[in-house]
Amino acid sequence: MNQILQSLKNGQTKVTEVPCPAAQDGQLLIHTSQTLLSSGTERMLVEFGKAGWIAKARQQPDKVRLLIDKVRTDGLIPTLHAVRNKLDQPVALGYCNVGVVLQVGANGHGAADGGRWTVGERVASNGKHAEVVSVPMNLCAKVPSEVSDEEAAFTVVGAIALQGIRLVQPSLGECVVVTGLGLIGLLTVQLLRAHGCRVLGLDFDSDKLMLAKRFGAEVVNLSSGEDAIAAAEAFSRGRGVDAVLITASTTSSEPVHQAAMMCRKRGRIVLVGVTGLELSRADFYEKELSFQVSCSYGPGRYDSDYEDKGVDYPVAFVRWTEQRNFEAVLDMMADGRLDVKPLISHRFSIGEAERAYELLGSADPSLGILLQYPEGSERSNAELRCRTVGQATTPSAAPNGQAAISFIGAGNYATAVLIPAFKQAGARLKAIGSNSGVTSVHAGRKYGFEEMTTDVHKILTDPDTHAIVIATRHNSHAQLVCSALRAGKHVFVEKPLALTIEELEEIQAVIQEASQVVSDATAHTLPLVMVGFNRRFAPHIARMKSLLTAVKEPKAFVMTVNAGVIPPDHWTHDRLVGGGRILGEACHFVDLLRYLAGSPIRSFEAVSFGKVPGLPLAEDKASIILRFDDGSMATIHYLANGHKSFPKERLEVFAGGRILQLDNYRKLRGFGWPKFTKMNLWRQNKGQHACVEAFVQAVTHQGPAPIPLDELMEVSRLSIHIAEALR
């Protein structure tokens, strides 16, 4: 299918062929008929992409400071590599979509909509510019029969305008100023008029001012030098306006200052657009003005429980959510109180999208630019392409000494680290799949995969694939591992192996089943299981291991991890999705110390402190003590309350009157070791490439697992118990 993607590196916008997305749990798969370009958000993204490195840095000074800290800890080259990889990833544009439901995702009948979606009905959503989109049900609304597809394409931008109005809380007869009469501004004018308000519109464009007058507003032409403050004074009959909605897009703070000058005492100002925010206390103090920034479509926005999991807010307590705002806008269109037809300035087919974006970035006047998509038989073809399946097969030996590897998951870590490592290791990159299809196409074309898809089943049953790399979110790891093993594939899974003991036991059972049907003579053909515990493969760790092997007495390990803070609503913190940071990351250090000690872990203690209100798991500031069978002891300080300029990982080992100290996999120092004092690398090396190469070699030559299965199970089981103890 066709989808519009934009490069943040150079701002280039292209219509790209990508795999059709799958109908995910709690989502609707929609065949698009119309989408609307956003003259604000999308223009801003295009301009950011076309800007040079210096201009990009000026627009995001906070991120520049983070990069400086990363250079100090990780080095210049890894930092530049990370930045280039981030900018290289395409952005899927668009958020105003109308189409027909192709499929209703699993668990849909348990979502907040009450299971009322049916295949074939028309819906408006915040889907992307693509022939087929998969959209969470709480971000969809049914289109009334009286509303055309072209009109319904304005639903989401209408909801943005409506949410700003809800924050203003206008009452019948109030006088309200709308600053900026672009697409959202003109929708705001109409919705305010429907509320019974008198409206004054401000803009520099005479055509937009004429439209505002047509919708019932009085206007001020700023390009002709009219005094907006004086006009507002006259408009309000000398009292000052009741409220101002700023729907303009500018870097200047003047619209906010101007709004304050227009308002009466205790007036309200709501920012819907984008302006500078250098506020003057004097402007707000004497009048006791209120100022608020409106967040997109309404309550529920950026709440993963609402948007991704379908958990609705009770209507008795939150009357207007984003979905209910969508419905309200569509109802206004259906009864004629919101007229969007005059706002349509251009129409293009999806194949002409690049011309549409050229118009968006030009000086030519434009308002509602619509993109139109194929209908009829082509819609049926799109549905068929969404449902491709494969045949179950058994794996074959790697031909010509080259292992064929397929990826499930194409996120940032996969594209920045894992895929380059597998390619460097000489693997044949067979297929790559992701839910949306966008990331898989980007990675597939960049690294030379033979096939890109959204069909996981097809990857699992591909007869040419010898090994599956699982780089998805943590809650899918165990299920995908079991599916791959049952298909007879070798497995490389990013940590963690599983989130629960039950999942771990299921993996163990699948491995046991496979071993029972394989004779002793062919035991070497059993599928390998490998977890991406790369740190034990780092060159510094290899040197430490060789030094510690000669020490026969118990050792003491102190691992300090400056983990850094991640937002409380990040999916890693979600117990059901990410499993928390101990399972998501600290398991690395349990494995590393298990490897260096060379002895099974006998017991552990774990304690956390400083629980952050709202954080579901109190485990990102914790200390873990491990005791080994040989008498060794290890302490892991996993801390999220440090500073980014300090090295993220430091390991100290006390053994036999000697000490080893490793800083961030760049500098290793020895104290008291004969013939060893230091080992420094010019760039950080956490062992990712060596880890991948060991797995590829094992698959290619049917060798033993790079990490013994019993150690993987031991570390995985212990990490789960530690996470549970900290909860």
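Just so it is clear, none of the values below were taken in a lab; they were calculated from the coordinates. What you see is a predicted model; the values in this text were computed from it and never measured. Note: ideal-geometry Cβ built from the backbone for every residue, glycine included; neighbour counts use all protein chains shown.
Listed values, structure above:
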{"quantity": "Proximal charge balance of Glu714 [Cβ under 10 Å; K/R count +1, D/E count -1]", "calculated": "-1"}
{"quantity": "Crossing angle, helix 587-597 versus the chain [Cα axis fit, 0-90 degrees, rounded to tens]", "calculated": "20 degrees"}
{"quantity": "Simple label model, 7 Å out from Cα along Cβ direction - Thr250 to Phe609, nm", "calculated": "5.2 nm"}
{"quantity": "Fraction of beta bridges assigned by DSSP in the chain that are antiparallel (%, nearest 5)", "calculated": "55 percent"}
{"quantity": "Theoretical gain in end-to-end length, Lys423 to Gln169 [0.36 nm per residue, Cα-Cα removed]", "calculated": "85.7 nm"}
{"quantity": "Highest-first arrangement of 716-725, 691-700, 579-588, 677-686, where packing means the average Cβ count within 10 Å", "calculated": "579-588, 691-700, 716-725, 677-686"}
{"quantity": "Residue-wise HN-Hα coupling along the stretch 286-293, computed from phi with Karplus coefficients 6.51, -1.76, 1.60 (Hz; x: Gly, Pro)", "calculated": "5, 8, 6, 6, 9, 10, 9, 9"}
{"quantity": "Rounded to whole Hz, the Karplus (6.51, -1.76, 1.60) HN-Hα couplings of the stretch 712-727, x for glycine and proline", "calculated": "4, 5, 4, 5, 5, 5, 5, 4, 5, 5, 5, 4, 5, 5, 6, 6"}
{"quantity": "Length gained when the stretch Ser223-Lys14 is fully extended (0.36 nm per residue, less Cα-Cα span)", "calculated": "71.7 nm"}
{"quantity": "Pairwise FRET efficiency - Gln479 versus Gln702, Cβ, R0 = 25 Å, nearest 0.05", "calculated": "0.40"}
{"quantity": "Computed FRET value (nearest 0.05) for Ser546 with Cys295, which takes r as the C-beta separation and R₀ as 60 Å", "calculated": "0.60"}
{"quantity": "Within the chain: Cβ-based charge dipole about Cα centre, in debye rounded to nearest 20 (Lys, Arg +1; Asp, Glu -1)", "calculated": "2520 debye"}
{"quantity": "Cut-off 16 Å, label 7 Å out along Cα→Cβ of Thr635, residues of the stretch 593-608 by amide N", "calculated": "604-608"}
{"quantity": "Sequence-separation-based contact order of the chain, relative, with Cα cut under 8 Å and 6+ spacing, percent", "calculated": "12 percent"}
{"quantity": "Dimensionless Rg/Rh of the stretch 625-727 - Kirkwood Rh, Rg from C-alpha atoms", "calculated": "1.01"}
{"quantity": "Packing-based order for 411-423, 633-645, 500-512, using average beta carbon neighbours within 10 Å, highest first", "calculated": "411-423, 633-645, 500-512"}
{"quantity": "The chain, helix-only ellipticity at 222 nm - DSSP H runs n ≥ 4, -39,500 (n - 2.57), divided by all residues, nearest 500", "calculated": "-9500 deg cm²/dmol"}
{"quantity": "Sites Val558 and Glu506, calculated FRET efficiency, Cβ-Cβ separation with R0 35 Å, nearest 0.05", "calculated": "0.50"}
{"quantity": "Helix 688-700 axis, angle to the chain major axis (alpha carbon atoms, nearest 10°)", "calculated": "60 degrees"}
{"quantity": "Label-point separation, Ala106 to Met261 (7 Å along Cα→Cβ), nm", "calculated": "6.1 nm"}
{"quantity": "Separation between Cα centres of the stretch 618-639 and the stretch 642-668, rounded to whole Å", "calculated": "15 Å"}
{"quantity": "Neighbour-count ranking [beta-carbon atoms within 10 angstrom, fewest first] of Glu307, Glu286", "calculated": "Glu286, Glu307"}
{"quantity": "Given (1) 12, 22, 21, 20, 11, 6, 3, 3, 2, 0; (2) 13, 21, 14, 11, 10, 9, 5, 5, 7, 5, 0; (3) 15, 43, 31, 11, 1, the label whose value is P(r) over Cα pairs in 20 Å bins from 0, in percent derived from this model", "calculated": "(3)"}
{"quantity": "Extension gain, Lys667 back to Leu576 (0.36 nm per residue minus Cα-Cα distance, nm)", "calculated": "29.0 nm"}
{"quantity": "Under 13 Å, Cβ to Cβ, from Cys482 - net charge with Lys/Arg +1 and Asp/Glu -1", "calculated": "-3"}
{"quantity": "Radius of gyration, Dmax [the stretch 157-293; alpha carbons; angstrom]", "calculated": "13.2, 37"}
{"quantity": "Distance between modelled label sites at Lys644 and Arg683, nm, 7 Å Cα→Cβ extension", "calculated": "2.1 nm"}
{"quantity": "Gap separating the Cα centres of the stretch 138-168 and the stretch 436-452, nearest whole Å", "calculated": "34 Å"}
{"quantity": "Cross-link pairs Lys458/Lys489; Lys648/Lys678; Lys545/Lys686; Lys309/Lys648; Lys423/Lys686; Lys552/Lys621 - those with Cα-Cα distance over 22 Å", "calculated": "Lys309/Lys648; Lys552/Lys621"}
{"quantity": "The stretch 157-293 - percent relative contact order, Cα under 8 Å, separation 6 or more", "calculated": "23 percent"}
{"quantity": "For the stretch 233-266 versus the stretch 176-231, the gap between their alpha-carbon centres in whole angstrom", "calculated": "12 Å"}
{"quantity": "Karplus-derived HN-Hα couplings along the stretch 215-230 (A = 6.51, B = -1.76, C = 1.60, θ = phi - 60°), whole Hz, x at Gly and Pro", "calculated": "8, x, 9, 7, 9, 10, 8, 5, 6, 8, x, 5, 7, 5, 5, 5"}
